[in-house]
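The values are calculated or read from the model by the stated rules, or taken from the named source; none is laboratory data. Remember, it's a predicted structure, so these values are computed and weren't measured experimentally. Positions of Cβ are backbone-derived with ideal geometry, glycine not excepted, and every protein chain shown enters the neighbour counts. Side chains are part of the model used for accessible areas, which takes the heavy atoms of the whole protein and leaves out ligands, DNA and RNA. Shrake-Rupley method; radii C 1.70, N 1.55, O 1.52, S 1.80 Å.
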Amino acid sequence: MALHFPRETFFDRIGATRQRMQAEGLDALLVFAQESHYYLTGFDTSGYVFFQCTIITADDRPPILLTRRPDLVQAQRTSVVEDIRIWYDDEGADPSVDLKAILEQLGLAGRRVGMETDNFGLVGKNYARVQARLADWCTLSDASHLVRAQRVVKSAEELRYVREAARLADDSLVAMLDAARPGAFEGDIAAAGAAVQFRGGGDPPPGGPVLGSGERALLVRTAAGYRHLDAQDQLTLEFAASYRHYCACLMRTVAIGRHDARQARMFDITLQALAAMTAAAVAGNPLGDIDRAHRRVFDQHGYGHARMAACGYSLGATFRPSWMDVPPLLFAENGTLAQPGMVLFLHAILMDTTHNLAMSLGHTLVVAENGPPEVLTRLTPAYDVRV
């Protein structure tokens, strides 16, 4: 069986979820987020893009997974769930019918049932089906936060995987920078980074990479189409490395062909911002302090117009389409307190659209029990000119 944690770990997590359910007066939880499936049971699949649901009761009855036939063996071999029910594709098939039949069997009519709604595993059409099927049959409430809150703080077992992802991220960045030079093809640069991750035992990351030169160096989202770098250019790299689905991210902007004094100044300021942000990521501090430090440095140096409105987010074990594992998101008004074991990606980004200059730095860290955070990279940022 392909489990990445001991079986007892999953049962402990399910037990902790049940305690939270009981505290909130829930009789059952409908799990739709693939991240929750993976965290609670080990179930590892891309089939979440259709319809799958794990039903967890507040009592000690075994969880039940409702999924499609292609995921039956997948669930049997990657999860601790033993009761797996199948719904079948057909013209007009409606898996909410199968879901209600399971809930009826569990005696949940008229009871309080929590439901994960804020995730990529429950598309609008299926949400509407479930809502229409169950709204007058039981009391539904949004419980998207319930497993999510458990996942934000990582265990020592999880942090081992995060650190392995960080090692792969470092190796990937080195490989991409080695491939970056005037005339280089962006696709070759991306391939160099991906090859290192796969050869190092990593998984396909759940998004990206964000990789762009020229005008596209100012983008912070993936866009289709690769180009060759000009003789004098700039290149922004933002990417995740993934190990057992746990992610670590890095971000860099490098100069191609020549040193640019304005961009070098942007680097110095961005490095100051990232250092101030990192210093604020201390257990007990509001997460909003990180963004306030980010804004303070950039605004003091006259770059308030070129910065972002937030400066990072939580990371964890995520699935496509994103490595962002939010909430929490790092914005100034966020009063959530940093806790030991939180894994955060901090990014300091400047977009000078007037001069078409980019500068970005970012790294992953773990909030420590005491003192400054553990920054998960061995690479020291520099204003790098690739020739």
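Mind checking which residues of segment 14-52 are part of a helix (DSSP H, G or I), crowded, with 21+ Cβ neighbours inside 10 Å and of a type outside the set (A, V, I, L, M)?
Passing the criteria: T17, Q34, E35, S36, H37, Y38, Y39, T41, Y48.
How many residues does segment 286-312 contain that are touching a strand residue (DSSP E or B) at 6+ places or on another chain (Cβ under 7 Å) and in a loop (DSSP other than H, G, I, E, B)?
Qualifying residue count, segment 286-312: 6.
What are the pairs, 6+ residues apart or on separate chains, where a residue within segment 263-275 that is among the β-branched types (V, I, T) has its Cβ under 6 Å from a residue that is open to solvent by 10 Å² or more (accessible area, probe 1.4 Å) and at pLDDT 95 or above?
Filtered contacts from segment 263-275: I269/H301.
Counting just the residues of segment 250-273 that are assigned to a loop (DSSP other than H, G, I, E, B) and closer than 24 Å to G187 by Cβ, which one comes out most open to solvent (accessible area, probe 1.4 Å)?
If we filter segment 250-273 for residues that are assigned to a loop (DSSP other than H, G, I, E, B), which is where we start, we get 257-260.
If we keep only those that are closer than 24 Å to G187 by Cβ as well, we get 257-258.
Working: G257: 31, R258: 104 Å².
Residue satisfying both the conditions and the ranking: R258.
Among the residues of segment 129-136, are any over 30 Å from L315 (Cβ atoms), open to solvent by less than 50 Å² (accessible area, probe 1.4 Å), modelled with pLDDT of 95 or more and in contact with a strand residue (DSSP E or B) (Cβ under 8 Å, 6 or more places away or on another chain)?
Checked segment 129-136: at least one residue is over 30 Å from L315 (Cβ atoms), open to solvent by less than 50 Å² (accessible area, probe 1.4 Å), modelled with pLDDT of 95 or more and in contact with a strand residue (DSSP E or B) (Cβ under 8 Å, 6 or more places away or on another chain).
May I ask you to say which residue of A165, A191 is under 17 Å from the mean Cα position of the chain (by Cα) and either open to solvent by 40 Å² or more (accessible area, probe 1.4 Å) or touching a residue at least 12 places away in the same chain (Cβ under 8 Å) (or both)?
Unique residue meeting the criteria: A165.
Which numbered condition trips up A16, out of (1) modelled with pLDDT under 95; (2) touching a helix residue (DSSP H, G or I) at 6+ places or on another chain (Cβ under 7 Å)?
(1)
I'd like the full set of residues that are surrounded by 19 or more Cβ atoms within 10 Å (Cβ to Cβ) and of a type in the set (A, V, I, L, M), limited to segment 333-360.
A338, M342, V343, L344, L346, A348, I349, L350, M351, L357, A358, M359
Quick check on my filter: what residues within segment 53-62 are more than 26 Å from A128 (Cβ to Cβ) and either part of a strand (DSSP E or B) or touching a strand residue (DSSP E or B) at 6+ places or on another chain (Cβ under 6 Å) (or both)?
P62
Using beta carbons and a limit of 6 Å, which pairs, at least six apart or on different chains, have the first residue in segment 1-15 and closer than 17 Å to Y243 by Cβ and the second one part of a loop (DSSP other than H, G, I, E, B)?
As it stands, the answer is L3/G42; H4/R244, since those pairs meet every condition given.
Scan segment 101-128 residue by residue and report those that are open to solvent by 10 Å² or more (accessible area, probe 1.4 Å) and in a helix (DSSP H, G or I).
Residues satisfying the conditions are A101, E104, Q105, G124, K125, N126, Y127, A128.
For residues that are open to solvent by less than 60 Å² (accessible area, probe 1.4 Å) and in contact with a Pro (Cβ under 9 Å, 6 or more places away or on another chain), tally how many sit in segment 361-387.
Of the residues in segment 361-387, 7 are open to solvent by less than 60 Å² (accessible area, probe 1.4 Å) and in contact with a Pro (Cβ under 9 Å, 6 or more places away or on another chain).
Would you be able to say whether some residue in segment 153-169 is farther than 20 Å from H363 by Cβ and of a type in the set (K, R)?
no
crowded, with 17+ Cβ neighbours inside 10 Å and assigned to a helix (DSSP H, G or I): does that describe L65?
no
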